[in-house]
Amino acid sequence: MASLEVQHVSVRYGTGRRAFNAIEDVTVGVSGPSTLGVVGESGSGKSTLARAMVGLAGLSAGKILLDQEEIAERRRSRRARAVQMVFQDAHSSLNPRMTVGEAIDEAIAASGSLPRSEIGAESERLLNLVTLDPRLRDRFRHQFSGGQLQRVAIARSLAAGPSVLLLDEVTSALDVSVQATIIALLRELQSRLGLSYVVISHDLAVVRSMSDRIAVMYLGQIVEHAAANEFFATPGHPYTTALIASVPSVGPRPKRDKLILQGDPPDPRRPPRGCRFHTRCPVGPLVNPERSICQEVDPHELPQEHGHWVACHFRLDRPRMAT
């Protein structure tokens, strides 16, 4: 059973005065077969986190462990096989001059897991696994629908026999009906192959349908991390509560105060002091000036509970503190 652990990881971009931390002191993990969902607005750092997990972004601090072994210490071929990424735009990730069969064959060959004589049969097996007819091997990317292309991308990511798949907005470019079939396929593959998933998305509905645990990112930091059922039933961070309230719903919602975010996220190159969310927080010093602690003390520096983890001085799933 695979496990992927991110421990106090930071990723720094740029140099000199223009340098900034795209993610800072992030700790999360997943052990399979299960799914970690990572959500947040654009610019929150969730895609940078995924790139760091797969080795496409260098770490400025922290470490990433795969099955208790630091990824940086694994041989490159083993690391590449173990953690694979399925990108948002399957169309752009496929070479227009290659047939889909050639693209999958290339991935199998690069993994070095099979002799050349068995690559064609393995490619057909992978297409069957993602419910595509192997006779489509000779077609090019422009001859497929968006949903079919995403299946091809999933098949190609499985060519190396990974234990962890990073799914970066894999349904965001698809129609709702096609999204449902891709999610169902991913669930089936997880059950059959025992995979761990990390789902990166801004869509809480998709994350809710797939995840066992959910982490929320804001300006490069985790602000809440909990089991999926507890996350939606009793969110503790004002940012999380506002995100959940923004999701359209046709059924009854739990009764709670509706929180509205103020303005736009700050420049990630110059994050606010203290709690990074305080400049938009609907329960912080904007509304309650006496809560100046939010402007001075980063709640990440305080002792945190395991299980349902919330980086907030005035978490909403607890009785309100005196101010």
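Here are the numbers for this structure:
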read-out	value
Listed values (i) 71, 47, 35; (ii) 69, 57, 38; (iii) 66, 63, 36, entry calculated as Cα extents along the principal axes in Å	(i)
Interchain or long-range residues, amide H under 5 Å from GLY37's placed H	VAL199, ASP212, ARG213, ILE214, ALA215
Ascending count of other beta-carbon atoms within 10 Å, so fewest first, for ARG208, ARG318, ARG18, ARG139	ARG18, ARG318, ARG139, ARG208
Computed helical MRE - 222 nm, the chain, DSSP H runs ≥ 4 contributing -39500 (n - 2.57), nearest 500	-8500 deg cm²/dmol
Three semi-axes of the equivalent ellipsoid, the range 87-185, Cα gyration tensor, whole Å, largest first	21, 15, 12
Under the span-like rule (Cα at least 20 Å along the axis, Kyte-Doolittle mean at least -1.0), DSSP H helices of the chain	176-193
Fewest-first ranking of VAL83, VAL198, using other Cβ atoms within 10 Å as the exposure measure	VAL83, VAL198
Farthest positive-ward along the chain dipole, Cα basis, beta-carbon charges - from GLY147, HIS306, GLY161	GLY147
Neighbour-count order for ASP105, ASP67, ASP264, fewest beta carbons within 10 angstrom listed first	ASP264, ASP67, ASP105
The range 36-56 versus the range 173-222: alpha-carbon centroid distance in Å	13 Å
Residue range of the chain that is longest and free of GluC sites (Glu not before Pro) which are both DSSP loop and sparsely packed (at most 13 other C-beta within 10 Å)	1-289
The range 3-216 - share of DSSP beta bridges that are antiparallel (%, nearest 5)	45 percent
GNM result for the chain, Cα springs below 10 Å: residue of ARG116, ARG81, ARG51 fluctuating most strongly	ARG116
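Since every read-out is calculated from the coordinates, none of them should be taken as a lab result. If you're wondering where the values come from, they're calculated on a predicted model, not measured in any experiment. Neighbour counts are summed over all protein chains in view; Cβ atoms, including those assigned to glycine, are modelled from backbone coordinates with ideal geometry.
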